[in-house]
Structures are given as C-alpha cells and as structure tokens.
1. Identify the residue in region 1-29 that is more than 13 Å from ligand 2 (Cβ to nearest atom) and under 12 Å from the mean Cα position of the chain (by Cα) and, among all such residues, is farthest from Arg93 (Cα to Cα).
2. Being more than 14 Å from ligand 2 (Cβ to nearest atom), loosely packed, with under 15 Cβ neighbours inside 10 Å, touching a residue at least 60 places away in the same chain (Cβ under 8 Å) and farther than 30 Å from Thr77 by Cα: is that true of Glu160 here?
3. Report, by residue number, each residue of region 112-137 that is closer than 21 Å to Gly85 by Cα and in contact with a Gly (Cβ under 9 Å, 6 or more places away or on another chain).
4. Does Val133 satisfy being farther than 19 Å from Val118 by Cα, in a strand (DSSP E or B), at pLDDT 95 or above and more than 10 Å from ligand 1 (Cβ to nearest atom)?
5. Out of region 52-65, which residues are surrounded by 17 or more Cβ atoms within 10 Å (Cβ to Cβ) and part of a helix (DSSP H, G or I)?
6. When you go through Leu38, Leu61, Leu29 one by one, which is the residue that is under 30 Å from Arg214 (Cα atoms), hydrophobic (A, V, I, L, M, F, W, C) and touching a residue at least 12 places away in the same chain (Cβ under 8 Å)?
Amino acid sequence: MDGKCLIFLGPPGTGKGTQAARMKVARGLVPLSSGDALRHEIKCDSPVGRQAEAYVAQGKLVPDEVITGVMLSAIETHLQDSEAGIILDGFPRTVPQAEALEAGLAPGRQVSAVLDFVLDDAEIVARIVSRRVCSNCGRTYNVRFFPPKRDGICDVCGGEVEQRVDDREDVIRTRLETYRSETAPLVAYYRSRGLLHEIAAGESAAAVEAEVRRVIESLG
Ligand code: AP5
Ligand code: MG
C-alpha cells in the first residue's frame, strides 16, 4: 500500500516520457503513459483505438470517458504490483479526469505529488520535430540530442525508428493550444492541494533527472 502515485504534468515535448523512463531505472517506478496506451490501442485497431485515432492525429484530447477507462484499470493493477509505485505520464489532462482519478483510487490511496515540467514553446517545438521513436519497443530518440547509433535503427531492439504522426509542426501547435485550454488549469488545481512541484525542463536530461529525483526523494 506504500507505492507512490506520481503525476508528470506539462506541455508536450517537455521530457515527461524521458524522465519517467529514467525513474524506472533509478527508482523502480512504473511509468504509465496515456499516449503510449492510446498508440498501442490504435496499432491493434481495437474499439478504443478506433475511437482515439483521429483525435491523436489532430493533436486534440480524446474524450475523458475513453481515456479514463483505459487508465484507471491500469493504475489499480500497477499500484498493487509495484512496491515503489507508478508515474502517470499524460494523465490526468483535464479537471474531470483529475476528479475521476481521485474517485477511482482505492480507499487509502491518493496522489503523492505532481511534477510540472516547464519549458518555453520554441524549445518544445525544436525538441518535438526532432524526436524519433522506435516502432517496436517505443524507446525515444532525438536526432539533435540523443540520436540512435545507426541512423533509423533502434539501439536496443533493432526496430525501425520513426516519427510520430502528431510530431508535425502544425499538429504540435494544436497540441500546445489544447494543453493551454484544457490541461493548464490542472496546475492551479494541484497547487491548491499542495501537491505541485515545478521542474525546470530546459536543462540537460541529466540535470532534469537530478531535480526529479530530488523531489521524489523529498517525499520520503
Ligand atoms: P502523449 O503521448 O502523452 O504526448 P504529449 O503529452 O504531447 O507529450 P510528448 O510525449 O509529446 O512529450 P514528452 O513530455 O513525453 O517528451 P519526451 O520525453 O518524448 O499524448 C499524445 C496524444 O494522446 C495527445 O495529443 C492526445 O490526443 C492523446 N492523449 C494522451 N493522454 C490523454 C489524456 N489524458 N486525455 C485525452 N487525450 C490524451 O521528449 C521530447 C523530445 O525531447 C524527445 O526527442 C527527447 O529525446 C528530447 N528530450 C527530452 N528531454 C530532453 C532534454 N533535457 N534536453 C534535450 N532533449 C530532450
Ligand atoms: Mg511522452
């Protein structure tokens, strides 16, 4: 029952997924990415995937009830199984999703902390247009900052490294607008509950990791 339930909040491309993967290695925390979950459903052409596909491609949020159903069952399973706890990367993303999370956690469980990744728009766009992701294992690269050793080939599994459909500059602009109108209100929501910690995401990945670890370790 002691596993932490951490939320990584922040606009697209601020390094939430990168740091969640590092915290898996460093702290044994289990990353649960709502975007990865939806991309998996889309790849499998499941009913959820078919509902989500157009929203994801356009950079809009999928309906709350669709993503909440997917995430709440995953959260409960992994909170039970992981001693260290979980990181919610990309969920909740609206106030109704945050309320559904609160209501959906088992009795005695609560959100431990919310890490809000802060980065300016120009750097966000620069990072996202140069992001590449392995189509097989999902490992994230960046042709500017963290390229794969062999062009287009995943270092870990040899899979094909490709660009996400929503990583085009026009879609990134929509994702930033969507973040501002629908997700940014969560900053005040969690600040008022005393749970918010700002992370300066413009530093090197190693420096950001040190800050993320400092916050997590301060929780005890
Ligand atoms: P999702 O997959 O969650 O995308 P996102 O929030 O837009 O975030 P990103 O994955 O783009 O960025 P990130 O912060 O993980 O950055 P990363 O570590 O990759 O969501 C996709 C879509 O699914 C949404 O648009 C929506 O349609 C739908 N969806 C998901 N959740 C939903 C929800 N709750 N409700 C409704 N709809 C939902 O880093 C970015 C790049 O920068 C990488 O190339 C990385 O290598 C590089 N990088 C990272 N850190 C550094 C650093 N310190 N210095 C230099 N480069 C760095
Ligand atoms: Mg991500």
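The values are calculated or read from the model by the stated rules, or taken from the named source; none is laboratory data. Quantities reported herein were computed from a predicted structural model and do not represent experimental measurements. Cβ: placed from backbone, ideal geometry, glycine included. Neighbour counts: every protein chain shown.
1. Going through the qualifying residues, I end up with Leu6.
2. No.
3. Those that are closer than 21 Å to Gly85 by Cα and in contact with a Gly (Cβ under 9 Å, 6 or more places away or on another chain): Ser112, Leu115, Asp116, Phe117.
4. For Val133, the condition - farther than 19 Å from Val118 by Cα, in a strand (DSSP E or B), at pLDDT 95 or above and more than 10 Å from ligand 1 (Cβ to nearest atom) - is not met.
5. Once the filter is applied, which keeps residues that are surrounded by 17 or more Cβ atoms within 10 Å (Cβ to Cβ) and part of a helix (DSSP H, G or I), region 52-65 yields Ala52, Glu53, Tyr55, Val56, Asp64.
6. Every option except Leu29 fails the conditions.
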